[in-house]
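Trainee: Following this message is one structure expressed as structure tokens.
Derivation of every value follows stated rules applied to the coordinates shown; laboratory data play no part. Remember, it's a predicted structure, so these values are computed and weren't measured experimentally. Neighbour counts are summed over all protein chains in view; Cβ atoms, including those assigned to glycine, are modelled from backbone coordinates with ideal geometry.
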Amino acid sequence: MKKQYDSKESEKKWKNYWEKNKIYKFNPNSKKPIYSIDTPPPTVSGKMHIGHAFSYAQQDFVVRYRRMQGLNIFYPFGTDDNGLPTERLIEKEKNISAQKLGRKEFIKICLQTLEKELRPKYIQDWKSIAISCDWDIFYTTIDKHSQRISQKSFLDLYKQKREYRKRTPFMWCPECQTAIAQVELEDKEKDSQFIYIKFQTSLNKPITIATTRPELMPACVAIHVHPDDKRYKKFIGKKAKIPFFNREVEIYANKDVDPDFGSGAVYHCTFGDMDDAEWIEKLKIKPIEVMNKDGTFNAKAGKYENLNSKQARKEIIQDLQEKNLITKIEPIHHVVNTHERCGTEIEILMTDQWFIKYLDLKKEFLKQGSKLNWYPKYMKNRYDNWVKGLKYDWCISRQRFFGIPFPVWYCNNCNEILLADEKQLPVDPLIDKPKPCPKCKSKEFTPEKDVLDTWATSSLTPQITASLFPKLSKKLYPSTLRPQAHDIISFWLFNTVAKSYLHNKKNPFKDVVISGWALDPKGKKMSKSKGNIVEPQEMIQQYSADALRFWAASSKLGEDLSFQEKELVAAKKLVNKLWNASNFSFSHLEDYKTKPKKLETIDLWLLEKLNELVKECTEAFERYEYSKTKIETENFFWNTFCDYYLEIIKDRLYNPDKRGKQQKLSAQYTLHISLLTILKLLSPITPFITEEIYQHYYAKKEKCKSIHISEWPKFNKKTTKTEIGDKAIEIISKVRKIKTQNNLSLKTPINLTLDKKDEKLLKPILEDLKAVTNAEINFGKFNIEIV
RNA sequence: GGGCCUGUGGUCUAGUCUGGUUAUGACGUUGCCUUGACAUGGCAGAGGUCGAGGGUUCAAAUCCCUCUGGGCCCACCA
């Protein structure tokens, strides 16, 4: 072994070795029980960020443990690279506009850029932190296979009458120019103005409304007041005149109105929010649609045509002020709904969209959620919370280019919805053709241009991966494990459970392991704008991938972890310590062959401690609590093993003539076993250094190609308490203290008097004690005398 | 407004579910030790009202209640 461990060289070497020797290969023919992982497909975004490194490392810990338990691991890898996020990334990277380029050309560029530039580079980052996927089982959410599964899902749900297309007011992002779903909303606090506006009425008395969106005046269709509001009772049923627009609207009684908010009178526009849409439907009012898809106003807005909301608001306030129609302007701090991808305030537009009907299934979804094994348990609350708060059916159509197309055409003659044949999939309705209309036999049709919401596909990952092995699909689906971070419980987890229920009436996975977030050193969220981003690639350069993983292992399951560079420093030191301790051990194990007839007392004690450690680590891993394994093993290795045990056995190892050959053999045996065990316990967390050391010595002995497919240490369920080692440590510690207090080297010889009452207990380890403390030992009253 | 998590020496943290001798470890800090794996080391020291208050108990960091700081998710009045 080299004197120094070179992590860069070593990590590269073993990464290649694992790939070449297919260490992580899934074996479809094996009879071993399968452990399958529904790996999160990361959204292709240029570079892996520290949050990825954090959560993928954590799932890899538990997978590596299961692999060593002898399970047949099905650990695929996918990338999520269709839909809005990818479009936005490629528009930015290539400095192009999807709208300007047109669909065909844009899709071509997306596919090419993904294939040749983004994806291959991106995946390397995951390989560099030793994610032990079977990289041969690879999918992307835009590939033909995923398209087929996703379109098949659409057809199935349509046939179940779970999908419908409807022209309806729905949430719309004017920046991305597409409809979005409830889950894509993000709250943003904003300072704005609350404008009080006077409306003339048929009562010849004015009524004052309050609004944050005066620019929607041209779309005002009604005014609402509470039926019991004394101020306004008289107005009910009367008409109000809209300033600038020669129109009158009715004043309605509406129990939804809060008399204490604003002026107590609401002006009702098309559409300020989703409630406006509800009122319109309820009262059968004719909407006035004033907004274009890009968020600007159309001709119905009169002089405000072509302006966007912000510009129109400024102008209309000015105009109203000139006419003296504004009675008050209040500053207001309120919450607006924005699109989580771009931060743009959403609008409500009347458009044709596809929906999955599922609000009627809330109860069933809650039941499905409670059937999952949640780690940690409390994360289920977030799921329940989300399901209970669902208000709208799932809008799955997006008015974008790069995504999975709907397998749908519309008959030009009779408007019938024409579905693709399942055998035809995947189809692109813009290129492929349907069979003649079954109703009217027409061959004229219009293709659906919209694409599916990216979550409509990524919610099928268990089915996508399981169907790659058709013969095994029943064993692979449901998956054993769904690992993911808590921020996408409402997105990915819920959608997957929902789809799996809709299709198969069962859960898509059994265990759910939720990881937290990587935060900056102060515990704040990392973001580019704050400039507190930590680049995992740089940390790997500086400290090694093992060190980065070691840091990731310090988080308790489900909890956020602030990034601490000192953890990486500590990890690097641990790696170094492992190297040196192994170096020392192997130099004394060259002539080691078999177990001795009898083990020394202190060796028995260490092995018992080791047994306890294995028990604890195994039980912790069974509960997915990798951090406990990390802490316990690190402490045992550094403290018990290195600081005490190695010092105790040195004399036996170096001086067999004096101490006896059997005594040396006992130490060798214990050393052999305990180091191997430590390496194995740590191997899921730091796979590179443990492999490097294993290959130096143990691989041949165990006739195993890699520590990562070697057997996880077994333990005796019965642990027997032996106090002898703890007593030894106590004595050694006292001796060291005296020597240190006297500024002496620990080698300094002493006369040690031990308590008479301990004589019987300590007799078996007397020689070891003598050697490690460099003492002459007597019994009497405890005393340390420097010679 | 609803739900959930969280507050331990200067910093990060174990322990909390299953209450029990001087509260774990790391970083930092102080002093010493160049000892035959390792100075990226070893040994020892200083440093803690376990967020605050109340309760249960022989006994509380741990269980219960109230308050308070931090965080996350959800809802929201135009």
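Trainee: Measure nothing but the geometry: give the 0 to 90° angle between the long axis through the Cα atoms of A:494-504 and the longest principal axis through the Cα atoms of chain A, rounded to 10°.
Mentor: Result, in degrees: 80.
Trainee: To the nearest 0.05, how large is the calculated FRET efficiency for A:K104 and A:D360 if R₀ is 45 Å and r is the Cβ-Cβ distance?
Mentor: It comes out at approximately 0.70.
Trainee: Kindly state, to the nearest 0.05, the FRET efficiency for A:D352 paired with A:K439, given R0 = 25 Å and r defined as their beta-carbon distance.
Mentor: 0.80
Trainee: Still on this model: For the stretch A:465-520, please report how many Lys pairs fall under 18 Å Cα to Cα, leaving out neighbours fewer than 8 apart on the same chain.
Mentor: Here the count comes out as 8.
Trainee: Given the rule -39500 (n - 2.57) for each run of at least 4 DSSP H residues, summed and divided by the residues of chain A, what is its mean residue ellipticity at 222 nm, to the nearest 500 deg cm²/dmol? Intermediate values should be presented prior to the final figure.
Mentor: On the way: 27 runs with 306 residues, N = 787.
The per-residue figure over chain A is -12000 deg cm²/dmol.
Trainee: Cross-link candidates for A:K255: which aspartates and glutamates have Cα within less than 12 Å, leaving aside residues fewer than 8 places away along the same chain?
Mentor: Within the straight-line cut-off, A:K255 pairs with A:D228, A:D229.
Trainee: Name the residue farthest towards the positive end of the dipole of the stretch A:508-595 from the options A:G516, A:A547, A:H588, assuming +1 on Cβ of Lys and Arg, -1 on Cβ of Asp and Glu, about the Cα centre.
Mentor: Of the listed residues, the answer is A:G516.
Trainee: Which aspartates and glutamates have a Cα less than 20 Å from the Cα of A:K433, not counting those fewer than 8 places away in the same chain?
Mentor: Those aspartates and glutamates meeting the cut-off are A:D156, A:E416, A:D421, A:E422, A:E444, A:E448, A:D450.
Trainee: Next question. With unit charges on the beta carbon (Lys/Arg positive, Asp/Glu negative), name the residue among A:T212, A:L307, A:P259 whose Cα is farthest towards the positive pole of the charge dipole of the stretch A:178-348.
Mentor: A:P259
Trainee: With 20 Å as the limit, write out which pairs from A:K595/A:K714; A:K310/A:K449; A:K121/A:K630; A:K166/A:K286 have Cα-Cα distances beyond it, or answer none.
Mentor: Details: A:K595/A:K714 18 Å; A:K310/A:K449 31 Å; A:K121/A:K630 31 Å; A:K166/A:K286 17 Å.
Exceeds cut-off: A:K310/A:K449; A:K121/A:K630.
Trainee: Which value in Å does the Kirkwood hydrodynamic radius of the stretch A:721-787 take, with 1/r averaged over all unlike C-alpha pairs and then inverted?
Mentor: Computed over Cα pairs of the stretch A:721-787, the Kirkwood hydrodynamic radius comes out at 12.0 Å.
Trainee: Could you name the aspartates and glutamates in cross-link range of A:K388, using Cα to Cα under 14 Å and dropping any fewer than eight places away on the same chain?
Mentor: A:D360, A:E364
Trainee: Would you mind computing, in nm to one decimal, how far apart the modelled labels at A:F782 and A:N21 are, each placed 7 Å from Cα along Cα→Cβ?
Mentor: About 5.0 nm, to one decimal.
Trainee: Next question, about the same structure. When the chain is fully extended, how far beyond the present Cα-Cα distance does A:L283 get from A:D256, taking 0.36 nm per residue of separation?
Mentor: Gain in length upon complete extension: 8.4 nm.
Trainee: Label points 7 Å out from Cα along the Cβ direction at A:K506 and A:E422: separation in nm?
Mentor: Label-label distance for A:K506 and A:E422, simple model: 1.8 nm.
Trainee: What is the extension gain from A:E315 to A:Q200, computed as 0.36 nm multiplied by their sequence separation minus the C-alpha to C-alpha distance, in nm to one decimal?
Mentor: 39.3 nm
Trainee: Mind listing the long-range amide H neighbours of A:T178? Cut-off is under 5 Å, sequence gap 5 or more, other chains count too, H placed in the peptide plane at 1.01 Å from N.
Mentor: Residues meeting the amide H criterion: A:C173.
Trainee: Treating the beta-carbon of each Lys and Arg as +1 and of each Asp and Glu as -1, no other charges, what is the dipole magnitude of chain A about its Cα centre, to the nearest 20 debye?
Mentor: On the way: 135 positive and 103 negative charges, 390 e Å.
Using Cβ point charges on Lys, Arg, Asp and Glu, chain A gives about 1880 debye.
Trainee: Among A:I149, A:C342, A:Y378, whose Cα sits farthest toward the positive end of the charge dipole of chain A (+1 at Cβ of Lys/Arg, -1 at Cβ of Asp/Glu, about the Cα centre)?
Mentor: Farthest towards the positive end: A:I149.
Trainee: I'd like the orientation of helix A:626-635 relative to chain A: the angle between its Cα long axis and the longest Cα principal axis, in ° from 0 to 90, rounded to 10.
Mentor: Taking the Cα atoms of chain A, the angle to A:626-635 is about 30 degrees.
Trainee: How big is the antiparallel share of DSSP beta bridges in chain A, given as a percent to the nearest 5?
Mentor: Taking every DSSP beta bridge within chain A, about 65 percent pair in antiparallel fashion.
Trainee: Another question about this same structure. About the Cα centre of the stretch A:716-787, what is the dipole size in debye to 20, counting +1 per Lys and Arg Cβ and -1 per Asp and Glu Cβ, all else neutral? Mind dumping the intermediate values first?
Mentor: Values: 15 positive and 10 negative charges, 55 e Å.
I would put it at about 260 debye.
Trainee: Could you give the nm distance between label points at A:L185 and A:E730, where each point is 7 Å from its Cα heading toward the beta carbon?
Mentor: Label-label distance for A:L185 and A:E730, simple model: 6.5 nm.
Trainee: Would you mind checking the pairs A:K13/A:K628; A:K104/A:K152; A:K615/A:K734; A:K238/A:K323 and listing those with alpha carbons more than 26 angstrom apart?
Mentor: From A:K13/A:K628; A:K104/A:K152; A:K615/A:K734; A:K238/A:K323, over 26 Å: A:K13/A:K628; A:K615/A:K734.
Trainee: Same structure again: Rounding to the nearest 10 and keeping the result within 0 to 90°, find how far the Cα-based axis of helix A:565-587 lies from the longest principal axis of chain A.
Mentor: Orientation of helix A:565-587: about 30 degrees from the principal axis.
Trainee: In addition: Provide the FRET efficiency to the nearest 0.05 for the A:E622-A:K121 pair, computing r from the beta carbons and using R0 = 35 Å.
Mentor: Numbers: r = 37 Å, r/R0 = 1.05.
That pair, A:E622 with A:K121, gives E of 0.45.
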